[in-house]
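Below is one structure, written out as structure tokens; the observations come after it.
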Amino acid sequence: MRPEAAEKLAEEALRGEVDAVVAFHDGDIRAALTTLLLDCHHLRLQLALSDKGMSRGMTAERTIGVEGI
């Protein structure tokens, strides 16, 4: 598949997702953006927390095998 065709398909898929988010919020663009921004903030917090947990485990040189889970 040519890059231009792949870009067009991705753009169409993204447009459909945007339309679905706006429709979920009954056409209220501000509510849709607010929800997406809150989701981004939440995910960034989760990444920061997991990064901190992994870093602490790495410095302690602890490894957990499959049995430990």
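Working out 0.36 nm times the residue gap between ARG44 and ALA10, then minus their Cα-Cα distance, what length gain in nm do you get to one decimal?
9.8 nm
So what are the ³J(HN,Hα) numbers for the stretch 2-7, from phi and the Karplus equation (6.51, -1.76, 1.60; θ = phi - 60°), rounded to whole Hz, Gly and Pro as x?
Calculated HN-Hα couplings, in order: 6, x, 5, 5, 5, 4 Hz.
What order do you get for 38-48, 23-33 when each peptide is scored by the mean count of other beta carbon atoms within 10 Å, highest first?
The peptides rank, most packed first, as 23-33, 38-48.
Which net charge results for the neighbourhood of PHE24, defined as the other residues with beta-carbon distances under 14 angstrom from its beta-carbon, given Lys and Arg at +1 and Asp and Glu at -1?
With Lys, Arg at +1 and Asp, Glu at -1, the neighbours total -4.
Computed from the coordinates by the stated procedures, all read-outs in this text should not be read as laboratory data. Values in this document were obtained by computation on a predicted structure and should not be read as measured data. Quick reminder, even Gly has a Cβ in these numbers, built from the backbone with ideal geometry, and neighbours come from all protein chains shown.
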